[in-house]
Amino acid sequence: MCGIIGYSGVQNATSILIEGLKRLEYRGYDSAGIAILHGEELAVRRSVGKLENLENLVRKEPLGGTVGIGHTRWATHGRPSEQNAHPHRSGDLVLVHNGIIENYLLLKHRLETEGYRFDSETDTEVMAHLLASYMKGGQSVYDAVRSAVGDLQGSYAVAVLCMSEPKVIVTARSGCPLVIGKNGEGTYLASDVTPLLVHTREVVFLEDGEIGVLTPSSISVTGMDGRTINRVPVQIDWDADAAEKEGYPHYMLKEIHEQPQVIMDTLGGRYDFDTGEADLPDLAISPEDLIRARRIWIVACGTSWHAGLVGKYLFEEMIGNPVQVDIASEFRYREPMIQEDDLFIAISQSGETADTLAAAREAKRRGAGVLAIVNVVGSSLAREADGVIYTRCGPEISVASTKAFTGQIIAMYLLALHMGRVRKILNIEEGRWWLDQYMMLPGRVEHVLKQEPNILASAKQYCTKKNFLYLGRGINYPIALEGALKLKEISYIHAEGYAAGEMKHGPIALVDEEMPVVVLAPRDRLYDKTINNLMEVRARNAPIVALASEGDHDIHRVAEVVFPIPDVHPLLTPILFTVALQLFAYHIAVLRGLDVDRPRNLAKSVTVE
Ligand code: M6R
């Protein structure tokens, strides 16, 4: 999740851009850069790491000029480095970009044959050269942007500056946010309203498929077809803190609501409908090795471990491969019977969790190929692993992990499909069928998010309880664990996650009218067994909150509260159930007046044992 900024006006652009980038820092970044147009010169300054590195550089090598664009990068393609930092340049033009160009390899080959040379590993540089190639044919920047976006697949918010049209910034969006605004001293653009608030409170939110043109005194918006769009500016009353959270009261809630986008981004460009295959370019584990792997090991901590448990059910059912899932802190201190041909998967949002890193090193030492499923590009785990699947969640700021979990599961759906295809367990038709199912998920998650008012109402009903039991079966047993973890982390309520069939072997002793039981009860082959467990709970007068398949009326006979969950293949239900449980935990914690984003005693990244 990068941040972009632009200014065209009468003031010194450098300080406006740097201040703007500081306000975008919260989005996370690994490098930053600016480009300023001054007279005959278009100068670029970029640096890796903290924003103060860029500030120091600009102090040493100052830039004059009143027009410029800037960027904070959160790496997706290519490691964090100066070369990969934005702005990217092609001849007389520079460009900053947020998003993912899915067909960049195809475009790169086309542009290489036209003679363009690439200096970075990014998908963005493709767009810079693409624009240059259209401008070479005589087009204006605006027309080149219109032509280029027709070639692009994926998501983008871009800002382009060119020496041939000084003072003009052309900006466009599809799938990534972009806001523009104006005051008496110039015009501004940014990824969100946060950096704009000090300049103006009246902004225009660009919609997908729109282009904005900024000059020092005007902003105009058109569609890709060139027709003018008259958009009435929106008055923003948020303070800076609210703006960073895009109006949500907490990062956790914002991140929960980002999950449809996370699914799209993590899937984006990683599948091919023609062949029914998943395309994982950073996997770096050959098809032969994937065929040879007799056993899959998954190792992680906390929420990532729960994702790993989901992976066990997934890989075993979808591709028939035995899977062993371990808590990283346990794995590293026992004698795991891992063998050279085994595939070892380490899952981590941060890529810096000490136990997960140590477990991955141990697996490597024992000769296994290590694959990391990681969110943070360039993190220790990503660097040390043989191959990586990045979850493209953007920075997760709330300590309680939400969207990273969803990204991790999506990464495993892709891997399971890939392995199924290379092992010829799944044919083309089956591959396409799975892709279709994956593509439905963002819409289904939206549907769950729309139930938030009902979930809030139930949270009100139960927020004073002291103990909760979460039950699930099969692939939703790990989701019972995750639901309970979310509740205890942020509400400090004691919550236990259990396999529903295990209830009779102990936890039923706890069940009484004071202990709500949250149950995951999709209409799958285990449904009747789950209902039997619920009857036992009912007999002890415990209130039951059921997450059940939409249209399941029978469940109302046993449950006090029902959250209907849209229909998907049973292996895909975990994501939908998790989103509902995240909202449930979130609202309970808020109702109890707690600091949801920074729960006591917890750190976002556990880098020590
Ligand atoms: O960064 P990681 O995914 O490796 O972190 C693992 C756990 O520390 C993390 O999931 C933790 O359990 C979260 N607080 C869960 O919300």
- Please give the contour-minus-distance gain from Val10 to Ile229: 0.36 nm per residue of separation, less the Cα-Cα distance, rounded to one decimal in nm. 76.2 nm
- Loop-located trypsin sites (Lys or Arg not before Pro) in segment 163-237, at most 11 other Cβ atoms within 10 Å (DSSP): Arg227
- Residue separation between Ala457 and Leu594 times 0.36 nm, minus their alpha-carbon distance, gives in nm 47.5 nm
- Task: Would you kindly state how much longer the chain becomes between Glu340 and Asp241 on full extension, computed as 0.36 nm times their sequence separation minus their alpha carbon distance, in nm to one decimal?
- Result: 30.6 nm
- Give the peptides 239-245, 322-328, 387-393 in descending order of average Cβ contacts within 10 Å, highest first. 387-393, 322-328, 239-245
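Among Ser90, Ser81, which comes first, second and so on when ranked by fewest other beta-carbon atoms within 10 Å? Don't jump to the answer; show the numbers that get you there.
On the way: Ser90 24, Ser81 17.
Final ranking by Cβ density, sparse to dense: Ser81, Ser90.
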- May I have the extent of the alpha carbons of segment 3-236 along their three principal axes, as whole Å values ordered from largest to smallest? 46, 43, 33
- Label points 7 Å out from Cα along the Cβ direction at Arg525 and Leu106: separation in nm? 3.9
- Query: Label points 7 Å out from Cα along the Cβ direction at Ile425 and Arg557: separation in nm?
  - Reply: 3.7
- Query: With axes computed from alpha carbons, what is the tilt in degrees of helix 51-60 against the longest principal axis of the chain, rounded to the nearest 10 within 0 to 90?
  - Reply: 20
- Using label points projected 7 Å from each Cα along Cα→Cβ, tell me how many nm separate Asn183 and His505, to one decimal. 6.5
- Cβ charges +1 (Lys, Arg) and -1 (Asp, Glu), total dipole of segment 246-447, debye: 360
- Item | Long-range HN-HN contacts of Gly497 with modeled amide H, under 5 Å | Tyr470
- Message: Please give me, ordered by residue number, the trypsin sites (Lys or Arg not before Pro) of segment 489-574 that lie in loop per DSSP and have at most 10 other Cβ atoms within 10 Å.
- Response: Arg525
- Query: If you find the alpha carbon centre of segment 523-579 and of segment 313-347, how far apart are they in angstrom?
  - Reply: 30
- Message: What is the angle, in °, between the Cα long axis of helix 13-24 and the longest principal axis of the Cα atoms in the chain? Nearest 10 is fine, range 0 to 90.
- Response: 0
- Task: Tell me the GluC sites (Glu not before Pro) within segment 168-209 that lie in a loop according to DSSP and have at most 15 other beta-carbon atoms within 10 Å.
- Result: Glu207
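Given a Förster distance of 35 Å, report the FRET efficiency between Leu602 and Glu19 from their Cβ-Cβ distance, rounded to the nearest 0.05.
0.60
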- Straight distance only, please: which lysines reach the Cα of Lys604 with their own Cα at less than 17 Å, same-chain residues fewer than 8 apart left out? Lys254, Lys403, Lys486, Lys488
- Query: Percent relative contact order of segment 452-591, based on C-alpha pairs within less than 8 angstrom and at least six residues apart?
  - Reply: 31
- Note on the structure: The rounded separation in angstrom of the Cα centers of segment 359-376 and segment 116-171 is 39
- Message: How tilted is helix 477-491 with respect to the longest principal axis of the chain? Cα atoms for both, answer in degrees (0 to 90, nearest 10).
- Response: 70
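Computed from the coordinates by the stated procedures, all read-outs in this text should not be read as laboratory data. All values reported here derive from a predicted model rather than from experimental measurement. All Cβ positions, even for glycine, are placed from backbone atoms using ideal geometry, and neighbour counts span all protein chains on display.
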